[in-house]
Each structure stands twice: as structure tokens, then as C-alpha cells.
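J.: Before I ask anything, here is the structure I am working with.
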Amino acid sequence: MRTTVGIIGAGPAGLLLARLLHNAGIDSVVLESRDRAYVEHRQRAGILEQGTVDVLREAGAGQRMDREGLRHDGIELRYDKKRHRVDFPALTGGRSVMVYAQTEVCKDLIALQLAEGGPLLFEAEALAVEDADTDHPRVRFRHEGRESVLECDYVVGCDGFWGVARGAIPAELTQVFERTYPFGWLGILADVPPSHDELVYARHDRGFALLSMRSPSVSRLYLQVPEGTDAESWGDEEIWDELERRFETDDDWRLERGPITQKSVTPMRSYVHEPMRHGRLFLAGDAAHIVPPTGAKGLNLAVGDVVTFARALTYQKDKGSAELLDAYSETCLRRIWQAERFSYDMTTLLHRAPDATPFEDRLQLARLERIAGSRAADTDLAEAYTGFPLG
Ligand code: APR
Ligand code: PHB
């Protein structure tokens, strides 16, 4: 099998890349180890930056998002029973975000790819990337019980944090920057209308809580829990009681309860792999970097990477210059480190570390008061949350 771009992984990064390349007249093959139903139902975050929304629309993948997605013009920070709204358009010259679940983005891109794009093989597991530093990189993969080889001009590893592509970059050329956190998020889906029309990020002495949503009738909520917590160790009423405590206010706001349909725990990690390119192998999305979910940046970073790669390859095709491909890693990493910084700041602003001291508690409250009391600090948060421009 032969193609111009071999794409490993059909998460948002791989699927969007295949679409962007198709629109630019460049052929690709996508290899995905899981089956279609698995990819379409994996629960992930759901906040699209303004720039991500624009890219999906331009790629011809925005119709259902525009019908069903919810435009959000702000978030609420809650601390010490107080409420502060960050007004995105007022602070950023009109920018906002869209609440539209990552699973829905994947469903839309899969349908488009199968209808109009090149091959997308499910249950096709990449085993290794070979000859990455030559003009003819190859992906060895297993599909329908047989081993095959995909011969490519370029390979893009969009295979997430647990994928194989990253391993093809020699260790002596690699630097990894990493931090784990001593807590995770217990996330639930519940059949109840969201208790607030915007997301609520709450800092509480008992730990962080987040109110989000999937639709006008489905809530998504999270609780900070100790690292390694088993989701099943939390009873449904216990979860609602704890959410209620952490979201407490000094006014008459109330948290509505409803049947919990799903429960799971997500670990928290910051991770960056440098460089993101070796020869003709490029890494994109979670394959190269992870952010803790507090800043809602994971999907948006993946989109930035694949837009950068598609532009660079189109430039090579049209102008015969590898200049942008050569700059790929550097271009992506500038934006990635800004998102790493923001996600770290949001995480340490709102979570309570197990060994937190009263001094650190006071500092967190002072940082929150600063955001609520200073237009400059508020603007800084709004700019980062709605997203930095694509490089
Ligand atoms: N061969 C083929 N496919 C693979 C392999 C492999 N060896 N290893 C992993 N995959 C597939 C996974 O099954 C998954 O579908 O690669 C895909 C990677 O997708 P994601 O993990 O979703 O990563 P990415 O596309 O970079 O999306 C970025 O944004 O909200 C965040 O972390 C969240 O997934 C999200 C990310
Ligand atoms: C979500 O809706 O799943 C979500 C929203 C905002 C975040 C993280 C997750 O910061």
C-alpha cells in the first residue's frame, strides 16, 4: 500500500489532518487501532476555541457544530462562596468559545472522510514507523489478522499519548518535560439540564469542581479526587453532595441533580516531547504533548498542530520549499508552551494539593481576587482561554 501521507490514529488530530489534506488535494491513509464505535463514543472534553471553530468551518466540517454547538461568551470562577464572571467578548475584542463535544467532532469528521476522503482503516494497528529519517518512511501495521506495510512520503503520528510513533524518534535526540499531579478528576455525565448556562470553575478547601455540559439537557461535572481513585468507590448521592458543597455560593444558586449515566476518573499530567519531528516523521496532538484538562486546551492544541502541518506540506507542494516543514516543531512548540503554562496556572489556581498549607490557600484566593478585581488580569485569562492565534 502506498500514499503521500500516512496518518497514525483517528482521534481529532488524525481525522482533521486527513480532511485538511484532502481539501488541499493531497492523498493520505489513516490507520486506527480501535473500531469505529469506540472512537465515536470515547468521552473527552468539549470546549472549542474560536480558532478551532473557524478551522472546522473552513474544512467543511462545521454544519452540525453550528446547529447543535452552544456558543459561550464567558465562564464563572467561584471561590469563597463568591462568583466572578469572565466576559470573553468584552475582554478580547469579540472572541468566544463553543461547547461541542469532541466525540461529536470525531463523528462528523469520520462521516466526511468515509464519504469523500481517502482510506480510513479501523482495527488497523500501527506496529512501528521505520526509516523515518529517509525519503521513504514506512508504517508497519496489522489489519484483519495480516501484517502489511504502508509506504509513505511523510508519516504523521496522531496516535495519542500511548501510541507508537513517538518511539521512532531516537532517545538521544529527544527531550521530555513532564509533571504529574497528585490528583485526578472524577467526571460524570448526568441527564439533567446544566444548573448554570456557562461553565463554572470552583476553588474550594475540599478541592476543585467544574460544571460543564454536553447539551441543554445533559450536564458534565467533575470533582477533584486523590490520584488513583476508583470511580466506582463514589456513590451517586455522595457525588452530588460533594458537588453541592464545592459549588456553594452566598446567594440562592442551586445545583440540580439527575440520574448519573457515566462515571470515570481522568489522571492529570503535563507533558511535552521535543522535537516534534524527525526526518519525515511528524508528531501531532497528544502523541507529542499533554495538558491537564483545567484549561480545556487538549483538542485545540491538536488542531493547531495539524493545521500547521497541512499548511507546511501545501507550501512544499506549491512552492517546492521545505521551509515551513523544517520549522514545524518550533512553530508548534511556541503555541504549545503557552498552553502548557496556562493549563498549569489554571490547575494550580483552582486545585487543592494534598499537602497545601494555609499560606498557599491564601495565595490562591489572592490570585482569584486579582482576576476578579483587575481588568488586566481578567483579560489575560480571557485571551488564553479563548485561544492564542495559530502561529
Ligand atoms: N495504531 C493506530 N492507531 C493508534 C495506535 C496505533 N498503534 N495507538 C493509538 N492509536 C489511536 C487511538 O486509538 C486513538 O483513536 O490514535 C488515536 C489518538 O487519538 P487521541 O488520543 O484522541 O489524540 P489526538 O487526536 O491527539 O487528540 C487530542 O485532545 O481533548 C484532548 O486528550 C484529548 O484526545 C484528545 C486530544
Ligand atoms: C468538559 O466539558 O468535559 C470540560 C470542559 C472544560 C474543561 C475540561 C473539560 O476545562
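The values are calculated or read from the model by the stated rules, or taken from the named source; none is laboratory data. Note that this is a predicted model, so its numbers are computed, not measured. FYI the Cβ positions are ideal-geometry reconstructions off the backbone, even for glycines, and counts take in every protein chain you see.
J.: Restrict the check to region 258-266 and report whether at least one residue is among the charged types (D, E, K, R), over 24 Å from the mean Cα position of the chain (by Cα) and more than 12 Å from ligand 1 (Cβ to nearest atom).
T.: Of all residues in region 258-266, those among the charged types (D, E, K, R) come to 263.
Next, only the ones that are over 24 Å from the mean Cα position of the chain (by Cα) stay: none.
No - not one qualifying residue is present in region 258-266.
J.: Which is within 21 Å of L211 (Cα to Cα), within 16 Å of ligand 2 (Cβ to nearest atom) and charged (D, E, K, R), of D345, D252, D286?
T.: On the way: D252 fails: within 16 Å of ligand 2 (Cβ to nearest atom); D286 fails: within 21 Å of L211 (Cα to Cα).
Sole residue among the options that is within 21 Å of L211 (Cα to Cα), within 16 Å of ligand 2 (Cβ to nearest atom) and charged (D, E, K, R): D345.
J.: From the set of residues in region 193-225 that are among the basic types (K, R) and part of a strand (DSSP E or B), which is farthest from ligand 2 (Cβ to nearest atom)?
T.: Taking region 193-225 first, the residues among the basic types (K, R) are 203, 206, 214, 220.
This time we only want the ones that are part of a strand (DSSP E or B), so: 203, 214, 220.
Values: R203: 14, R214: 7, R220: 5 Å.
Here the residue is R203.
J.: Take S321 and decide whether it is of a type outside the set (V, I, T), farther than 18 Å from H204 by Cβ and not assigned by TED's automatic domain parsing to the domain that holds N23.
T.: no
J.: Would you mind finding the one in K107, K81 that is of a type outside the set (S, T, N, Q) and touching a helix residue (DSSP H, G or I) at 6+ places or on another chain (Cβ under 9 Å)? Outline the logic, then answer.
T.: Numbers: K81 fails: touching a helix residue (DSSP H, G or I) at 6+ places or on another chain (Cβ under 9 Å).
The unique qualifying residue is K107.
J.: In addition: Cβ-Cβ below 6 Å, separation at least six or inter-chain, first residue in region 24-38 and assigned to a loop (DSSP other than H, G, I, E, B), second hydrophobic (A, V, I, L, M, F, W, C): which pairs?
T.: E32/A10; E32/F122; D35/F122
J.: Looking at M98, is it within 16 Å of ligand 2 (Cβ to nearest atom), without any contact (Cβ under 8 Å) to a residue 60 or more places away in the chain and in contact with a Phe, Trp or Tyr (Cβ under 9 Å, 6 or more places away or on another chain)?
T.: Working: within 16 Å of ligand 2 (Cβ to nearest atom): yes; without any contact (Cβ under 8 Å) to a residue 60 or more places away in the chain: yes; in contact with a Phe, Trp or Tyr (Cβ under 9 Å, 6 or more places away or on another chain): no.
Here the answer is no, as M98 does not meet what is asked.
J.: If V272 satisfies every condition in (1) part of a helix (DSSP H, G or I); (2) away from ligand 2 (no atom under 15 Å from the Cβ); (3) within 17 Å of the chain's Cα centre (by Cα) but one, which is the exception?
T.: The number of the failed condition is (1).
J.: So Y328 fits all but one of (1) of a type in the set (S, T, Y); (2) over 20 Å from L15 (Cα atoms); (3) in contact with a Ser or Thr (Cβ under 9 Å, 6 or more places away or on another chain); what number is the exception?
T.: Condition not satisfied by Y328: (2).
J.: Next question, about the same structure. Restricting the search to region 327-352, which residues are surrounded by 16 or more Cβ atoms within 10 Å (Cβ to Cβ) and outside any helix (DSSP H, G or I)?
T.: Within region 327-352, H351, R352 qualify.
J.: Please go through region 211-236 and give me each residue that is closer than 14 Å to R44 by Cα and of a type in the set (F, W, Y), ordered by number. Steps first, answer last, please.
T.: First, pick out the residues of region 211-236 that are closer than 14 Å to R44 by Cα: 212-214, 219-222.
Once the filter is applied, which keeps residues that are closer than 14 Å to R44 by Cα and of a type in the set (F, W, Y), region 211-236 yields only Y222.
J.: Please work out if L324 is assigned to a helix (DSSP H, G or I) and surrounded by 18 or more Cβ atoms within 10 Å (Cβ to Cβ).
T.: So L324 does not fit the description; no.
Yes/no matrix, rows are residues, columns are (1) surrounded by 18 or more Cβ atoms within 10 Å (Cβ to Cβ); (2) farther than 19 Å from A13 by Cα; (3) of a type in the set (D, E):
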{"position": "C152", "(1), (2), (3)": "yes, no, no"}
{"position": "V156", "(1), (2), (3)": "yes, no, no"}
{"position": "R179", "(1), (2), (3)": "no, yes, no"}
{"position": "F183", "(1), (2), (3)": "yes, yes, no"}
{"position": "L186", "(1), (2), (3)": "yes, yes, no"}
{"position": "F208", "(1), (2), (3)": "yes, yes, no"}
{"position": "S215", "(1), (2), (3)": "no, yes, no"}
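J.: Right, next: Given the conditions (1) away from ligand 1 (no atom under 16 Å from the Cβ); (2) in contact (Cβ under 8 Å) with a residue 12 or more places away in the chain; (3) in the same structural domain as A13 (by TED's automatic domain parsing), which single one is not true for F161?
T.: Only one criterion in (1) away from ligand 1 (no atom under 16 Å from the Cβ); (2) in contact (Cβ under 8 Å) with a residue 12 or more places away in the chain; (3) in the same structural domain as A13 (by TED's automatic domain parsing) is unmet by F161, namely (1).
J.: Just the residues that are under 27 Å from the mean Cα position of the chain (by Cα), farther than 20 Å from G184 by Cα and touching a residue at least 60 places away in the same chain (Cβ under 8 Å), please, taken from region 350-380.
T.: Pass one, region 350-380, residues under 27 Å from the mean Cα position of the chain (by Cα): 350-354, 364, 367-368, 371-372, 376-380.
Now narrow it down to the ones that are farther than 20 Å from G184 by Cα: 367-368, 371-372, 376-380.
Across region 350-380, the qualifying residues are L368, I371, A372, D378, T379.
J.: Also, quick follow-up: Take the residues in region 33-76 that are within 16 Å of ligand 2 (Cβ to nearest atom) and β-branched (V, I, T), then tell me which one is surrounded by the fewest Cβ atoms within 10 Å (Cβ to Cβ).
T.: Of region 33-76, the ones within 16 Å of ligand 2 (Cβ to nearest atom) are 41-50, 52-53, 65, 68-76.
Filter once more, keeping what is β-branched (V, I, T): 47, 52-53, 75.
Numbers: I47: 25, T52: 26, V53: 22, I75: 24.
Of everything passing the filter in region 33-76, V53 is surrounded by the fewest Cβ atoms within 10 Å (Cβ to Cβ).
J.: To continue, here is another question. Tally up the residues in region 174-192 that are more than 16 Å from ligand 1 (Cβ to nearest atom), touching an Asp or Glu at 6+ places or on another chain (Cβ under 6 Å) and part of a strand (DSSP E or B), please.
T.: 3
J.: Restricting the search to region 77-91, which residues are buried (at least 18 other Cβ atoms within 10 Å of the Cβ) and either in the same structural domain as A302 (by TED's automatic domain parsing) or of a type in the set (A, V, I, L, M, F, W, C) (or both)?
T.: L77, V86, F88, L91, listed by residue number.
J.: Of all the strands (runs of 3 or more DSSP E) wholly in region 68-152, which have at least 2 residues that are within 13 Å of ligand 1 (Cβ to nearest atom)?
T.: Values: elements: 70-72, 74-79, 82-87, 97-99, 124-130, 138-143, 146-151.
In region 68-152, 124-130, 138-143, 146-151 are the strands (runs of 3 or more DSSP E) which contain 2 or more residues that are within 13 Å of ligand 1 (Cβ to nearest atom).
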